[in-house]
Amino acid sequence: MLIQRALSRARVLSTSRYFSSLSSIQMQTINLPKSPPFSFSSNNHGCNFLKSKPSSVSSPYSTAAFSLGKSSRKGVVPLAALLQIGGVQIAKDDVVKENDPTNNVPDSIFAKLGMQLHRRENHPLGILKKTIYDYFDVNFPGKFEKFDDLCPIVTVKQNFDDVLVPPDHVSRSYNDTYYVNSDTVLRCHTSAHQAELFRNGHTHFLVTGDVYRRDSIDGTHYPVFHQMEGVRVFSPEDWSGSDMDGTEYAAADLKRSLEGLAKHLFGAVEMRWVDTYFPFTNPSYELEIFFQGKWLEVLGCGVTEQAILHASGRTDIVAWAFGLGLERLAMVLFDIPDIRLFWSSDERFTSQFSEGKLGVKFKPFSKFPPCYKDMSFWINDGFTENNLCEIVRGIAGDLVEEVTLIDNFTNKKGMTSHCYRITYRSMERSLTDDEINELQEQVREAVQNKLNVVLR
Ligand code: PHE
């Protein structure tokens, strides 16, 4: 379990571990209360998802699953339950379906859709996005198109199939990904938009967006975070004058471009390239920098698999692609100690950052005492830590700082007991005993009812 946990931590701490894993779904116990069979036989683009007329559609991209707003079907929808993303209207009950076994999106996640922290100019994520834009604008003037408003609700085909994620890859499981229904997910990476953009002829682009992954809880993990994807396409005339083939040429350009980006963000740091695996690139690499005394993974990247480009109708091109996690980099650049802070609307946080000022160090305004609550239960075969964390977050929201397995044993009858320590702490105020006791009571009840475990 410890090893499992360590692996799961490593996976999300770094943007790319999620996909660099070769492990298949079968290796993991997935038995959610809401776990449908994995059937992706229908490869429609989610257009059957809602059958009514489009309400307002302006973005040409990634709205397939949501090109049809439900508001018109149902009449009046409460304002708070209706979002507008990239020109598409999204109603809460299009995304959260309590009694649908093919849906595992909780209210707490719906609440994050449409927040688009990366589009706020004075937010650390917006500042970082802009700094990366600047690098590409200066070094490749007029070349890179920017997309930061593509709908995060995409088809399974866009998120996985189009970028060659194998049918049995662990990232497709209901334990790791938020499914709206069996054909539609909340994108778990910005690579979900690659194929569509290639198909539409784009050759140099940056895609920034919120991405969603079910996960455990601690200071560096949050089920919603932000990524930026970069892609550049080359034609035969680009590499014909060199002594390299297309792949070598793209790989060399990729490394040169990203080393420049790392220098732009972190200054003159030591860097190294590590070979890795992604389903969508070959060769694949991670770029690491030596920063504040340790090696830090900055991004995952590689030369795009030819099959992805062929599907877009062009057989003579090559491309490179990279993906980076904005929180991960912003936490080091701005000294932000807890990932929940990115979501804070407390002025003591928000007022510390302003456009164009990368790397201003965050001054913690308080450190309120934590409150620990332990709970033990007999697990069943379908139990997963991600499911537990989802319930805790659903009840305690951002008041929960960490959920840690502190004891794990199996008795003579073969029953396994887990004891979890939940750390409650607000970043903004002191919590009262009564408040925490009440939350913990609700957590206990929900864990028992929804996960079918037996409390001890
Ligand atoms: N999509 C990958 C991830 O989220 C990152 C990546 C993008 C890697 C593009 C290679 C190329 O982990």
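Charges only on Cβ, +1 for Lys and Arg, -1 for Asp and Glu: so what's the dipole of the stretch 252-376 about the Cα centre, in debye to the nearest 20?
It works out to roughly 400 debye.
From the residues VAL400, VAL454, TYR372, which one has its Cα farthest along the dipole of the stretch 371-456 in the positive direction, the dipole being from +1 and -1 charges on Cβ of Lys/Arg and Asp/Glu about the Cα centre?
Value computed over the given set: VAL454.
Structure shown: which of LYS129/LYS367; LYS263/LYS294; LYS92/LYS129; LYS130/LYS263; LYS129/LYS263; LYS92/LYS112 lie over 19 Å apart, alpha-carbon to alpha-carbon?
Table pairs above 19 Å Cα-Cα are LYS129/LYS367; LYS92/LYS129.
Could the peptides 256-264, 403-411 be put in order, highest first, of the mean number of other beta-carbon atoms found within 10 Å of their residues?
Highest mean packing first, the order is 256-264, 403-411.
Given the C-alpha centroids of the stretch 76-137 and the stretch 303-328, what is the distance between them in whole angstrom?
Measuring centre to centre over Cα atoms gives 25 Å.
Using a 1.4 Å probe, what is the accessible area per residue for the stretch 327-456, in Å²?
49
Quick check for me: using +1 on Lys/Arg Cβ and -1 on Asp/Glu Cβ, what's the dipole size of the stretch 302-456 about its Cα centre, in debye to the nearest 20?
The dipole magnitude comes to about 320 debye.
Assuming R0 = 22 Å, can you tell me the calculated FRET efficiency for the pair ASN99 and GLU438, based on Cβ-Cβ distance, to the nearest 0.05?
Numbers: r = 27 Å, r/R0 = 1.22.
Efficiency computed from Cβ-Cβ geometry: 0.25.
Taking θ = phi - 60°, what integer Hz values does the Karplus form 6.51 cos²θ - 1.76 cosθ + 1.60 yield along the stretch 171-182, in sequence order, with x for Gly and Pro?
5, 7, 5, 5, 6, 10, 10, 8, 9, 7, 7, 5
Shape of the stretch 95-170 from its Cα gyration tensor (a ≥ b ≥ c, root eigenvalues): rounded if a/c is under 1.5, otherwise prolate when a/b > b/c, or oblate?
oblate
When you count, for each residue, the other Cβ atoms within 10 Å and take the mean per peptide, how do 412-423, 313-324 rank with the highest first?
313-324, 412-423
Nearest 0.05, what FRET efficiency do GLU248 and HIS204 give at R0 = 22 Å with Cβ-Cβ as r?
E(calc), rounded to 0.05, equals 0.65.
Which residues' amide hydrogens lie under 5 Å from the amide hydrogen of ALA319, considering only partners 5 or more residues apart or on another chain, with H built in the peptide plane?
PHE234, THR304
Name the long-range amide H neighbours of THR281: under 5 Å, sequence gap of 5 or more, or other chain; modelled H, no Pro or chain starts.
Hits under the 5 Å cutoff: GLU305.
Place +1 on the Cβ of every Lys and Arg and -1 on the Cβ of every Asp and Glu in the stretch 193-279, take the dipole about the Cα centre, and give the residue among LEU197, TYR249, GLY209 whose Cα lies farthest towards its positive end.
Sorting the options by dipole projection puts first GLY209.
What number comes out for accessible area per residue over the stretch 178-290 if the probe is 1.4 Å? Units Å², please.
So the stretch 178-290 comes to 31 Å² accessible per residue, rounded to a whole number.
In nm, give the distance between the simple-model label positions of ASP137 and ASP168, each being 7 Å from the Cα along the Cα-to-Cβ direction.
4.8
The values are calculated or read from the model by the stated rules, or taken from the named source; none is laboratory data. Computed from a predicted model, the values in this text were never measured in an experiment. Positions of Cβ are generated from backbone atoms using ideal geometry, with glycine treated the same way; all protein chains shown enter the neighbour counts. For accessibility, only protein heavy atoms count, side chains too; no ligands or nucleic acids. Shrake-Rupley method; radii C 1.70, N 1.55, O 1.52, S 1.80 Å.
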